[in-house]
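Just so it is clear, none of the values below were taken in a lab; they were calculated from the coordinates. It should be emphasised that the depicted structure is a prediction, and the values quoted were computed from it without experimental measurement. When we count neighbours, we look across all protein chains shown, and the Cβ atoms used for this are built from the backbone with ideal geometry, even at glycine.
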Amino acid sequence: MSVPLLRPFPGLRPTPATAAQVAAPPYDVLSSDEAREMAAGKPHSFLHVSKPEIDLPPGTDVYAPAVYAKAAETLRAMVAAGVLVRDAKPCFYVYRLRMGDHVQTGIVGGGSVAAYDANRIRKHEFTRPDKEDDRVRQIDSCDAQTGPVLLAHRDTPEIAAAIKAVTAGAPTYSVTAEDGIVHTLWVMDNEVQIKAVTRSFDTMKAVYIADGHHRSAAASRVAMVRRERKCCASGEEAYESFLVVTFPIQEMKIFDYNRVVKDLNGLSPDAFLQALAAEFTVEPSSEQARPAQARQFGLYLQGQWYRLGLRNAPPADPVARLDVSLLSDRLLGPVLGVTDLRKDKRIDFVGGKRGLDELERRVNSGEMAAAFALFPTQMEDLVAVAESNQVMPPKSTWFEPKLADGLVSYPLDWR
């Protein structure tokens with residue numbers, strides 16, 4: 001029997017009284033030191049599960065077996081203490097994120113591993129084996145998926161109606177994080193609504209991974225191993241799905257992901273500006289040159305902003321026409337000699353809400369020689385790349401607001 005594209009599950013989650021204590025930033029946006037500081041004096045913070053090295057001696061290898069064992073021990077202790085409680089039946093959950101005036105509301109469920117393996121849950125990034133291995137060990141040790149994968153879907157009237165009905169009632173809990181983001185959760189346990197949402201997702205040709213490629217790949221690997229271990233598997237086991245939160249494409253927000261470079265590849269500033277003329281128009285700006293649309297770029301050099309415009313039309317290929325690709329192919333590579341964004345130490349990336357002030361700071365400090373501001377990649381760009389079975393260049397998308405860890409976890413032992 002095939003598993004639905006998205007199915008309900010009995011979530012492991014905090015009680016209304018403990019939700020604010022448990023909710024934590026995603027494991028991969030904090031260093032160990034930052035997580036240790038944030039979790040200090042907060043014994044129920046989910047950082048003790050997602051960043052368990054903070055409860056081991058400083059300097060502990062974050063990939064050491066003791067780290068994963070500590071995560072499992074802490075998760076079990078939180079359950080035993082009643083901080084986290086398992087729902088009695090499979091449910092969907094409605095998750096709303098509010099960041100200032102921006103609001104997005106989606107569904108928490110179990111995404112099908114088979115759909116992921118068949119590319120119906122579509123990817124747009126490469127993964128690194130070491131990061132995959134880390135998530136596999138975390139899932140296996142905890143016997144649960146504790147970090148959600150962020151998905152995007154094309155909305156349907158059925159899903160929208162179910163969300164509207166559920167959110168008309170009082171939320172199960174609402175938590176305001178330290179960064180001001182409001183995380184609100186409702187439990188969808190009505191069977192009619194659950195069936196309508198399940199059917200609606202099953203009609204979709206595909207949904208799209210926005211963030212969480214390593215968690216998705218790890219879930220697939222865990223399922224493969226557990227299938228091999230289990231005799232007479234039904235195909236409906238909990239490990240055949242993984243924890244996802246999926247939002248309507250039109251509600252999601254991608255921020256610009258900008259670039260800073262350490263040197264001008266041996267060129268003087270004047271020679272560098274002259275070298276840009278073959279591919280770009282270059283106009284000085286009296287203010288921060290934030291691009292207003294795609295194919296425009298901002299350059300900050302020696303305390304001066306410039307607006308760069310593309311001279312020649314972009315190609316039709318969905319990857320090559322991305323602004324991040326155009327900047328690399330027409331400037332970073334041929335002019336500055338930066339050809340490998342993953343490995344070259346001369347380039348760094350500034351994303352999210354840090355904005356153009358951070359670009360100025362990095363250059364004015366002398367740490368970097370130049371900064372480039374880009375127009376944000378659009379959701380339809382991401383979909384086009386995923387539909388073409390290609391991958392985006394590194395550091396192409398920065399999604400905000402971020403999901404919280406700990407509000408719902410996905411146990412693997414419920415069947």
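Normalise the Cα radius of gyration of the chain by 2.2 N^0.38 Å (N = residues in it) and let me know the number.
Numbers: Rg = 22.7 Å, N = 415, 2.2 N^0.38 = 21.7 Å.
Dividing the Cα Rg of the chain by 2.2 N^0.38 Å gives 1.04.
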**Q.** Candidate aspartates and glutamates for bridging to K70, where Cα separation is under 16 Å - those fewer than 8 sequence places away on the same chain excluded
**A.** E53, D55, D61, D134, D140, D143
Q: Could you tell me whether segment 225-301 comes out rounded, prolate or oblate from its Cα gyration tensor? Rule is a ≥ b ≥ c as square roots of the eigenvalues, rounded for a/c under 1.5, then prolate if a/b exceeds b/c, otherwise oblate.
A: prolate
Q. About the Cα centre of the chain, what is the dipole size in debye to 20, counting +1 per Lys and Arg Cβ and -1 per Asp and Glu Cβ, all else neutral?
A. 680
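Under the classification rounded if a/c is under 1.5, otherwise prolate if a/b is larger than b/c and oblate if not, where does segment 331-380 fall, given a ≥ b ≥ c as square roots of the Cα gyration tensor eigenvalues? Mind dumping the intermediate values first?
On the way: a/c = 1.91, a/b = 1.05, b/c = 1.83.
Judged from the Cα gyration tensor, segment 331-380 comes out oblate (a/c at least 1.5, b/c at or above a/b).
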Q. Whole-Å semi-axes of segment 54-157's equivalent ellipsoid, largest first, each the root of 5 times a Cα gyration tensor eigenvalue?
A. 28, 21, 16
**Q.** HN-Hα J in Hz across segment 372-389 - Karplus 6.51, -1.76, 1.60, θ = phi - 60°, x for Gly and Pro
**A.** 10, 9, 10, 6, x, 4, 9, 4, 5, 5, 4, 4, 4, 5, 4, 5, 8, 6
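Determine the equivalent ellipsoid of segment 255-376 by diagonalising the alpha-carbon gyration tensor, then write out the semi-axes as square roots of 5 times the eigenvalues, largest first, rounded to whole Å.
Numbers: eigenvalues 72, 52, 48 Å².
Semi-axes from the Cα gyration tensor: 19, 16, 16 Å.
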Q: Please name which of L301, P376, L264 has its Cα lying farthest along the dipole of segment 255-376 towards the positive end, using unit charges on Cβ (Lys, Arg +1; Asp, Glu -1) and the Cα centre as origin.
A: P376
Q) Taking only Cα atoms, what is the 0 to 90° angle, nearest 10, from helix 129-142's long axis to the longest principal axis of the chain? A) 20
**Q.** Candidate lysines - alpha carbon under 23 Å from K402, same-chain residues fewer than 8 apart omitted
**A.** K42, K51, K123, K131, K164, K253, K353
Q: In whole angstrom, note down how far apart the Cα centers of segment 5-72 and segment 235-278 are.
A: 27
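Given the peptides 59-70, 401-412, 296-307, arrange them by the average over their residues of other C-beta atoms within 10 Å, most packed first.
Numbers: 59-70: 14.4, 401-412: 24.1, 296-307: 18.4.
Taking the mean over residues of other Cβ atoms within 10 Å, the ranking is 401-412, 296-307, 59-70.
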Q. Extent of segment 372-414 along each principal axis, from alpha carbon coordinates, in Å, largest to smallest?
A. 44, 26, 17
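Can you give the calculated 222 nm mean residue ellipticity of the chain, where each DSSP H run of n ≥ 4 adds -39,500 (n - 2.57) and the sum is split over every residue, rounded to the nearest 500 deg cm²/dmol?
Numbers: 13 runs with 123 residues, N = 415.
Counting only the DSSP helices, I get -8500 deg cm²/dmol.
Which whole-number percent is the relative contact order of the chain (Cα, under 8 Å, 6+ apart)? Display every interim value, and only then the final one.
Details: 792 pairs, mean separation 101.3, N = 415.
Relative contact order, the chain: 24 percent.
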Q) For the chain, with the dipole built from +1 on Lys and Arg beta-carbon atoms and -1 on Asp and Glu ones, taken about the Cα centre, which of I107, W398, Y27 lies farthest toward the positive end? A) I107
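Once you have a ≥ b ≥ c as the square roots of the Cα gyration tensor eigenvalues for segment 14-80, tell me rounded if a/c is under 1.5, and otherwise prolate or oblate according to whether a/b is larger than b/c.
The shape class here is oblate.
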